[in-house]
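The values are calculated or read from the model by the stated rules, or taken from the named source; none is laboratory data. Keep in mind that what you see is a predicted model, and the values were worked out from it rather than measured. Using ideal geometry, Cβ is built from the backbone for each residue, glycine included, and neighbour counts are taken over all protein chains shown. Side chains are part of the model used for accessible areas, which takes the heavy atoms of the whole protein and leaves out ligands, DNA and RNA. Shrake-Rupley method; radii C 1.70, N 1.55, O 1.52, S 1.80 Å.
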Amino acid sequence: MKPKSKVLVTRRLPGNALDRIQEKGYHLEVHEGFFLPREDLLKKVEGAIGLIPTVEDRIEAEVMDRAPELKVIACYSVGVDHVDLEAAKARGIRVTHTPGVLTEATADLTLALLLAVARRVVEGVDYARKGLWRAWHPELLLGLDLQGATLGIVGMGRIGQAVAKRAEAFGMKVVYHSRTPKPLPYPYLPLEELLATSDIVSLHVPLTPETRRLMDRKRLLAMKPGAILLNTARGGLVDTEALVEALNGHLFGAGLDVTDPEPLPPGHPLYTLLNAVITPHIGSAGRRTRERMAEIAVANLLAVLEGWEPPNPVV
Ligand code: DGY
């Protein structure tokens, strides 16, 4: 009997969308560990015709060449900066992603980080837990009022717009910068003007060669003194070393769901700063959202394997 064609999924996914892969007659291999060392990825991908990677897996030409029959890389993410798209194109491998479904969850986490930084929630929790809370004081843990603050959104795609809607509910004034102005009820500003005038800057652009280190030392220092930086997009958008400097005096704080490197090594200077609130890339981590992401990734994968145009193509 001819062996079944293999589909490799690099992590267990929430929900039961993966069952459909087996139901269609493919041999499903799911990596059960939390980590997938590169050497293991290179071995496991051998013989695969389909691959569902996470943002943690770097899918470069070397990986693709281990699987000459690979037809589709169905990313379990909206971001595709972890895949060498040119290499995939050159090999005729389709690449797909999961746009739209994680917009609201990511916008929610952006607001969670904003509230945590602006109102010093993590510091407050630590303070109480350590038994330091002995009295109410008018000057204890003073933060930034959101009502009336200006939120500058960099990248006004789906997630940027979902953040803007939430910010309006908090009484914030929204301004934005993106590649081109859009028909939106918010003022469009050149990036430098947005940085100079916003109390909070939130990044929502994809990581590309053009946006890498978008927030370099010069731009971080061009932010308003006492402002907050939020990044729920990609760590590579920010110069980490320069951010550490900016957080020591220039900025009020930063809320980061993504970092560079990611994850940060234990003891990294960012972890020692009380005004940096860091979460482990959980922007899309609502259970229903992650289940839907699995359904979409599987639908994209099966479409390609069955000879159809996938619903969410990138390449
Ligand atoms: C994405 O989808 O790109 C997120 O970073 C992970 O869900």
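For the reader, a short list of remarks on this structure follows.
- Condition check for G307 on (1) farther than 24 Å from R212 by Cα; (2) in a helix (DSSP H, G or I); (3) away from the ligand (no atom under 12 Å from the Cβ): one failure, at (2).
- Close Cβ contacts (under 6 Å, 6 or more residues apart or on different chains) running from residues in segment 79-107 that are open to solvent by less than 10 Å² (accessible area, probe 1.4 Å) to residues that are at pLDDT below 95 are absent.
- Number of the exception - L141 against (1) surrounded by fewer than 19 Cβ atoms within 10 Å (Cβ to Cβ); (2) at negative phi: (2)
- All strands (runs of 3 or more DSSP E) inside segment 1-111 with 3 or more residues being touching an Asp or Glu at 6+ places or on another chain (Cβ under 8 Å): 6-9
- Conditions (1) out of contact with any helix residue (DSSP H, G or I) (no Cβ under 6 Å at 6 or more places or on another chain); (2) more than 14 Å from the ligand (Cβ to nearest atom): number failed by I59: (2)
- The residues on offer are V174, V117, and the sole one that is more than 16 Å from the ligand (Cβ to nearest atom) and in a strand (DSSP E or B) is V174.
- Residue satisfying all of: in segment 262-283; buried (at least 19 other Cβ atoms within 10 Å of the Cβ) and within 13 Å of the ligand (Cβ to nearest atom); farthest from L114 (Cα to Cα) among these: H281
Listed here are the residues, each with its yes/no results for (1) within 15 Å of the ligand (Cβ to nearest atom); (2) open to solvent by less than 20 Å² (accessible area, probe 1.4 Å); (3) part of a loop (DSSP other than H, G, I, E, B).
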residue: L229; (1), (2), (3): no, yes, no
residue: V244; (1), (2), (3): no, no, no
residue: D260; (1), (2), (3): yes, no, yes
residue: A285; (1), (2), (3): yes, no, yes
residue: R290; (1), (2), (3): yes, no, no
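- Residue count for segment 80-113, restricted to those that are out of contact with any Lys or Arg (no Cβ under 9 Å at 6 or more places or on another chain) and away from the ligand (no atom under 16 Å from the Cβ): 5
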